[in-house]
């Protein structure tokens, strides 16, 4: 059975396909157990639960929360996956509403920060009309940097999304909503869910690679600062090499943590179901039900 517990949609965040299209593709790829884990959003969850039943696919609720992790006086951005939570939980929904509002304010501030740089380069500044067009492309998801990047591509200012980030969106960024690991853990657990450390050492993503690439040091950081807050580790991910996966599995077993995995698919390109994840990963969640 194919397992994929890390998939994004256009319905809830920055995926390229709607939740309906994701499930059709998941069925075509013979995925038997999955989770939609949109960024700071549960918008796709009701539909996902219904579609999973229609397609005969095992499903657990999911979400990806961005956390501001304080380490040696530095604020490091990390991601954590919440699973099997109650999507109607009021505390969680109130926090997600605040996060969404902050994300939209942040996106507008980034746009304002870009204009002085565009002026230096002789590029026409973004106007209120541009902001409306970007918002119109969001399609119900949280307004964020990927939508700005795609609009810069459409305007011909950059060639692709990666260039937008490399050239502008990293330099002129605005801080994300300051959610602590303690709070993320409490939100997930109070909603009946489990919190899993996502792609812990992904060299190209939001991970401990921003602190160290050494697997032993990453394990030490997790053990010293995270164990009381997390319920699992994402051991299988496209950013993991064989050694990294083995190290995270060993660490999870040592501390009796859940072991999860997923493609982190945003459908650019479609890679859902391509990460080899053991069948027994799904069994962990069946035991928890």
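Considering only beta bridges that DSSP places wholly inside the chain, some 50 percent are antiparallel.
Label separation (residue 132 vs residue 74): 4.3 nm, computed from points 7 Å beyond Cα along the C-beta direction.
Rounded, prolate or oblate: which fits region 96-169 when a ≥ b ≥ c are the square roots of the eigenvalues of the alpha-carbon gyration tensor, with rounded for a/c under 1.5 and prolate only if a/b beats b/c? Prolate, since a/c reaches 1.5 and a/b exceeds b/c. Between 0 and 90 degrees, the angle of helix 19-28 with respect to the longest Cα principal axis of the chain falls at about 50 degrees. Taking only Cα atoms, what is the 0 to 90° angle, nearest 10, from helix 45-55's long axis to the longest principal axis of the chain? With both axes taken from Cα atoms, the answer is about 60 degrees. Under the criterion of Cα pairs below 8 Å and six or more residues apart, the relative contact order for region 211-278 equals 30 percent.
Taking the longest Cα principal axis of the chain as reference, the axis of helix 145-154 is set at about 50 degrees. Starting from the Cα gyration tensor of the chain, take the square roots of the eigenvalues, sort them a ≥ b ≥ c, and report rounded, prolate or oblate (rounded when a/c is under 1.5, otherwise prolate if a/b is larger than b/c, else oblate). It is prolate, given that a/c is not under 1.5 and a/b is the larger ratio.
The distance between label points at residue 91 and residue 170 comes to 3.7 nm (points 7 Å beyond Cα on the Cα→Cβ vector). With the cut-off at 1.5 for a/c, could you classify region 94-220 from its C-alpha gyration tensor as rounded, prolate or oblate? Oblate, because a/c is 1.5 or more while a/b does not exceed b/c. For region 243-271 versus region 1-43, the inter-centroid distance based on Cα atoms is 17 Å.
Here, each number is a calculation from the coordinates, and none is a lab measurement. Keep in mind it's a predicted model, so treat the numbers as computed, not measured. Counting neighbours? That spans all protein chains shown, and the Cβs are built from the backbone with ideal geometry, glycine included.
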